[in-house]
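Structure first, then comments.
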Amino acid sequence: MTGPYVIGCDVGSQGTNTALFAADGTLVASAYQGYEVAFPEPGWAEQDPQAWIEALHATVARVLQSVPEGPTAVKGISFGSQLDGMVVCDSNGNPLRPAMIWMDRRAETEAAALARDLTPEDFYGHVGANLDSSHAVFKALWVRNREPELFGRAAKLMPPGSYVLLHAAGVFAVDYSNASSLALLDPRSRKWSQAVLSAAGIDPRMLPELAPGTQAVGTVTSSFAEATGLSPSTTVVVGCGDEMAATLGAGVFAPGEVCDVVGTAEPVCAVSDIPRADPTMLVECHPHGDPDCWLLENPGFVSGGNLRWWRDQFCPLERSAESRGEGDAYDLLTGPAAEVPPGAEGLIFLPCMQGAMAPEWNGAARGVFYGLTLAHTKAHMTRALLEGSAFALRDILEAMRKTGLEVRRLTIVGGGAKGALWRQIKADVTGLPIRVPVSVETTATGAAILAAVGAGVRATVSDAVESFVAYRPQQHSSDPERHQLYDEAYSRYRDVYFALKPIFDKGGLKA
């Protein structure tokens, strides 16, 4: 293998995965370093921003060992960074407190206060995002309201991606997708929303400079070069949010293509050539990592997490068999479920174990098995659980269609992409063909694609995707007969949810 090379870094909430690619898209090496998430109080989730930098230093240094020509052969580096986080810094870019990351929900009061000045509909109209405490602007408002002395020393408010970029290149900048996760960006103009900034009382001078994800912003700082072993001539490219990078790294950049990211949660992103608005506000509109596109996105309902819960709490025989080397516990579970007819003979599962993100955003909703009889088995319940996630996916796709977007195909990535039964159920429920990339490291791949374009190693995003992304030969098509059966089951799923909605909304069901 010969250079030139590029590096893509997936700066996630559990750890950083760094991947080295040759210019032809071949994965040469990868390295991972984990770090901790702190939960000081219920609803809080914090991280030391320095942990991201230390992980970058270590993982970049490790992959560089696989470059026979030496560090100068690495032409560019870029990042796919966790979204919806807030790092409050002083004028030198030093954090004044731990970062509040995407799963931090402490700012409910701040979100409710802003809703008195801007309705949720108006807020969505300005920034394409829901007025929800998960978005980073509300975390900044929490610091301002609850830690006023500290906030008085703050000069910079930034998402994790900007903090990483500041350390790598010495530049205070943000791409459009990371900026959109602050819920302060107008996705149509790709400029800060003056209406929301005014309502929130945020000084725009505290925010990073906006830039496309493919833009080169200079070379690595001397300290970053020294810590990683990179050449000081290495180009730094802005990068994007991790969800956008995962989508791009799955080859999803053409309008109508949909990326289904099946992990603990299941974010769903569809590419659009224009910014679109969902009248139901089930899906948000954010700029894509590719600056020529936008994403219609639902941030994800609990999906793989439900299957893991089912395995861990109710399937000791399968786990014990796995420990004896007799097969994967998930395969042992889904094998019998494949013998159950579509629709699980009337059994419905609502995948709302941590609240609902489909068919609506409802934090009070809870998981439900409905329709159990003495004739149902564990296999029926396993299949119903898989089907429940597919029904929620269909909810999201229907909302995307209501924006005027024609959805054409699903590309599934993440751990949940491994299950053939689950993939086929999704094809049959949605009526869409399904493909799976060869590489599972799609976030790092997406970041490397941006690095390749920004550093001039590849001419365009389309050109880079053609080289960096390949797909497994097996694809799934929807069976017309099973699709018709699932139309009926999907209708029952929605009937069950909305019949239980008054009970959920009473607030009597607590975690």
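In whole Å, what three semi-axes, largest first, describe the equivalent ellipsoid of region 134-190 built from its Cα gyration tensor (square root of 5 times each eigenvalue)?
21, 17, 8
Rounded to whole Å, give me the distance from the Cα center of region 288-326 to that of region 198-220.
Cα centres, region 288-326 to region 198-220: 34 Å.
Pull out the extension gain between Arg205 and Phe498, defined as 0.36 nm times the separation in residues minus the alpha carbon to alpha carbon distance; nm, one decimal.
That works out to 101.0 nm of additional length.
Can you give me the % of accessible surface on region 205-253 that is carbon or sulfur? Probe 1.4 Å, all protein chains present, nothing else counted.
48
In terms of the ratio Rg/(2.2 N^0.38 Å) built on C-alpha atoms, what value belongs to region 378-435?
1.16
What distance in nm lies between label points placed 7 Å from Cα along the C-beta direction at Ala112 and Asn92?
Once both label points are built, they end up 4.0 nm from each other.
For region 317-356, what is the largest minus smallest coordinate of the Cα atoms on each principal axis, given in angstrom and ordered from greatest to least?
35, 28, 12
What 222 nm value per residue comes from the helices of the chain, counting each DSSP H run with n ≥ 4 as -39,500 (n - 2.57) and dividing by all residues, nearest 500 deg cm²/dmol?
Computed mean residue ellipticity for the chain: -11500 deg cm²/dmol.
Using a 1.4 angstrom probe with every protein chain in place, what is the largest-first accessible-area order of His476, His376?
His376, His476
Based on alpha-carbon positions alone, could you give the equivalent ellipsoid semi-axes of region 263-307 from the gyration tensor, as √(5λ), descending, whole Å?
Semi-axis lengths for region 263-307 are 23, 13, 5 Å.
Return the loop-located GluC sites (Glu not before Pro) in region 282-389 (DSSP other than H, G, I, E, B) with at most 16 other Cβ atoms within 10 Å of their own Cβ; answer none if there are none.
The qualifying sites are Glu326, Glu339, Glu360.
Give me the Debye-computed log₁₀ of I(q)/I(0) at q = 0.06, 0.09, 0.10 Å⁻¹ for the chain, equal point scatterers on Cα only, no solvent, two decimals.
-0.27, -0.62, -0.77
Going toward the positive end of the dipole of region 152-260, with +1 on Lys and Arg Cβ and -1 on Asp and Glu Cβ, which of His167, Pro204, Thr235 do you reach last?
Pro204
Mind putting together the pair-distance distribution for region 3-42? All Cα pairs, 5 Å bins, whole percent per bin, short to long.
Distribution as computed: 6, 22, 22, 15, 12, 9, 6, 4, 3, 1 percent.
So the label point goes 7 Å from the Cα of Asp331 along Cα→C-beta, right? Which residues of region 381-423 then have their backbone N under 17 Å from it?
415-423
For a test of the definition: using alpha carbon positions, the gyration tensor, and the 1.5 limit on a/c, classify region 175-317 as rounded, prolate or oblate.
oblate
May I ask what percent, to the nearest 5, of DSSP beta bridges between residues of the chain are antiparallel?
70
Rounded if a/c is under 1.5, else prolate if a/b beats b/c, else oblate: with a ≥ b ≥ c from the C-alpha gyration tensor eigenvalues square-rooted, which is region 249-338?
Taking the square roots of the gyration eigenvalues as a ≥ b ≥ c, region 249-338 is prolate.
How much area per residue is accessible in the chain when the probe is 1.4 Å and only protein heavy atoms are counted (Å²)?
38
Which one, Ala58, Thr403, Gln14, is farthest towards the positive end of the dipole of the chain when Lys and Arg carry +1 and Asp and Glu -1 on their Cβ?
Farthest towards the positive end: Gln14.
If r is the Cβ-Cβ distance from Ala58 to Asp292 and R0 is 45 Å, what FRET efficiency results, to the nearest 0.05?
Computed FRET efficiency for Ala58 and Asp292: 0.85.
At 7 Å along the Cα-to-beta-carbon direction for both Glu345 and Arg408, put a label point, then send me their distance in nm to one decimal.
Distance between label points: 4.2 nm.
So, in Å, what gap is there between the alpha-carbon centers of region 230-245 and region 72-133?
Taking the Cα centre of region 72-133 as reference, the centre of region 230-245 is 20 Å away.
Do the alpha carbons of any pairs in Lys378/Lys402; Lys378/Lys426; Lys378/Lys506; Lys191/Lys501 sit beyond 26 Å of each other, and which pairs?
Beyond 26 Å between Cα atoms: Lys378/Lys402; Lys378/Lys506; Lys191/Lys501.
Treat every Asp and Glu Cβ in the chain as -1 and every Lys and Arg Cβ as +1, leave all other atoms uncharged, and give the resulting dipole magnitude about the Cα centre to the nearest 20 debye.
It comes to approximately 300 debye.
The values are calculated or read from the model by the stated rules, or taken from the named source; none is laboratory data. Every value quoted in this text rests on a predicted model; they were computed, and no experiment measured them. With ideal geometry, Cβ positions are generated from the backbone for all residues, glycine too; neighbour counts draw on all protein chains shown. Accessible surface is based on the protein model in full, side chains and every heavy atom, while ligands, DNA and RNA are left aside. Shrake-Rupley method; radii C 1.70, N 1.55, O 1.52, S 1.80 Å.
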